[in-house]
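Visitor: Just passing along the structure, written as structure tokens.
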Amino acid sequence: MKYNVLLVALFSASALFSVETIQETQVETIQPITADQPYTGEYENTQYAALDHQHIAQTVSEAPRAQPQPSEPVLSQREDMLITVTGQGVAPMNTSSPAQAYALAKRAAVADAYRMIAEKVKGVRIDGQDLIKNMMVKRSTVRTSVRAMVRNANVVETTFKEGLCEVEMEITLSHADFQ
Amino acid sequence: MRSRDGNHSFSRRLSVVLLFSLALPLSASEYLISYRYVIKDALLYNESLTISQAMQKCKGSPYRELILENDASKDLKKIINQNSETFINYLHKLGLSVEHTEATVNAQNKSTTTLTLKTQCFKVDFNDNFARISPLK
């Protein structure tokens, strides 16, 4: 009788441990999918360590997953790709002449167009952080950054109206540029 | 060449002068140029173009030359100032590094974009009517 009770206790203990391991594996498999990137393990045991595993699994499964758009253009070896962007720049208030205002606004617009080309070709890094205290959003921060090298971009058209300069730029990408 | 009094000072001086006169033009037509401008919140914040003569001979072969008008001057800074717009467009074509950071804190946005041409060696040929500028790679 004593042995039977002991056996039952052992079975129940092993059953409990098996449930916990399943929850952990669920979390590990879901995390890389939400990032939509190959899992690097950068955030492992840092951000989610203090949180409940079951809670993470639920939140992650509810988040919308970004799917690649079928109509998104892909650079192929056979044909080049033309990218067109429009950059905007503003003239400063304290300029000595309209010509100077135009020149400065155009410089800013060209830089904006370069940034847009870099964003389209290389992509943007986005970091977000929300601080919530007593169930209220105290601070919401979104940081984006781009780093790229752009060459052979051409200015197609420049317009200047009411202090705003718009520069239309285009760049032709070929497969050989990335080899 | 040995002088009558037997010392070598004349020939030494001559060889030194010759050496200097031949070595100077080798690096005289090479310049180091860098360009950078910063845009903050869609406004031009800072722009700098630095030009200096190379003190050492640069390596590489010239490519993608630019021809600027010149009135018999050998001052590159002056020539570039006279044709600044053409030269800046040319630098854009050569390629600039783009660095952009943007922060939105509680729906208030701030952005900084920096375009940079890292210091590069350019070969410059001065002629009577034009100056030929080409980067070395």
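Laboratory data are not the source of any read-out in this text; all were calculated from the coordinates shown. Nothing here was measured: the structure is a model prediction, and the numbers come from that model. For neighbour counting, all protein chains shown are included, and Cβ atoms are generated from backbone atoms with ideal geometry for every residue, glycine included.
Visitor: Counting Lys +1, Arg +1, Asp -1, Glu -1, what net charge surrounds A:LEU131 among other residues with beta carbon under 9 Å of its beta carbon? Display every interim value, and only then the final one.
Guide: Values: positive: A:LYS133, A:LYS138, A:ARG139; negative: A:ASP130.
Value of the local net charge: +2.
Visitor: For A:ILE83 and A:ASN134, calculate 0.36 nm times their separation in residues minus their Cα-Cα distance, and state this gained length in nm to one decimal.
Guide: 13.7 nm
Visitor: If you wrap a convex hull around the alpha carbons of segment A:72-179, what volume per residue comes out, as a whole number of Å³? Write out the running numbers ahead of the final one.
Guide: Values: hull volume 17.5 nm³, N = 108.
In segment A:72-179, the Cα hull volume divided by residue count equals 162 Å³.
Visitor: Roughly what would the spin-label model give for A:ASN152 and B:SER73, points 7 Å off Cα along C-beta, in nm?
Guide: Once both label points are built, they end up 3.4 nm from each other.
Visitor: Using only atoms on other chains, find how many Cβ atoms lie within 10 Å of each Cβ of peptide A:101-114 and report the average.
Guide: On the way: counts 0, 0, 4, 4, 3, 2, 7, 10, 3, 7, 12, 5, 0, 8.
Mean number of neighbouring Cβ atoms from other chains: 5.
Visitor: Could I ask something else about it? Any lysines with Cα under 21 Å of the A:LYS161 Cα? List them, leaving off those in the same chain fewer than 8 positions away.
Guide: Partners found: A:LYS106, B:LYS40.
Visitor: OK, next. Excluding A:ILE83 itself, what net charge comes from residues whose Cβ is under 14 Å from its Cβ, given Lys and Arg +1 and Asp and Glu -1? Could the numbers behind the result be given before it?
Guide: Working: positive: A:ARG115, A:LYS120, A:LYS122, A:ARG151; negative: A:GLU72, A:GLU79, A:ASP80, A:GLU119, A:GLU168, A:GLU170, A:ASP177.
Result for the neighbourhood of A:ILE83: -3.
Visitor: Compute the whole-percent fraction of alpha carbon pairs in segment B:28-135 spaced more than 23 Å apart.
Guide: Cα-Cα pairs of segment B:28-135 separated by over 23 Å account for 35 percent.
Visitor: Still on this structure, I have one more. What does the charge add up to near B:ALA103, with Lys and Arg as +1, Asp and Glu as -1, over the other residues with Cβ less than 9 Å from its Cβ? Please list the in-between numbers first.
Guide: Working: positive: A:ARG143, B:LYS110; negative: B:GLU102.
Here the charged neighbours net out to +1.
Visitor: May I pose another question? Which whole-angstrom value gives the distance between the alpha carbon centres of segment A:94-153 and segment B:68-137?
Guide: 21
Visitor: Debye calculation, C-alpha points only, no solvent: report log10 I(q)/I(0) for segment A:88-135 at q = 0.24 Å⁻¹, in the same order as the q values.
Guide: Cα-only, vacuum Debye calculation for segment A:88-135: -0.83.
Visitor: Fewest Cβ neighbours within 10 Å first, please rank B:ILE33, A:ILE132 accordingly. Working shown, then result.
Guide: Numbers: B:ILE33 21, A:ILE132 10.
Fewest-to-most Cβ neighbours within 10 Å comes out as A:ILE132, B:ILE33.
Visitor: At a 10 Å Cβ-Cβ cut-off, how would you order A:MET135, A:MET81, fewest neighbours first? Show your work: numbers first, answer last.
Guide: Working: A:MET135 5, A:MET81 14.
In order of increasing Cβ crowding within 10 Å: A:MET135, A:MET81.
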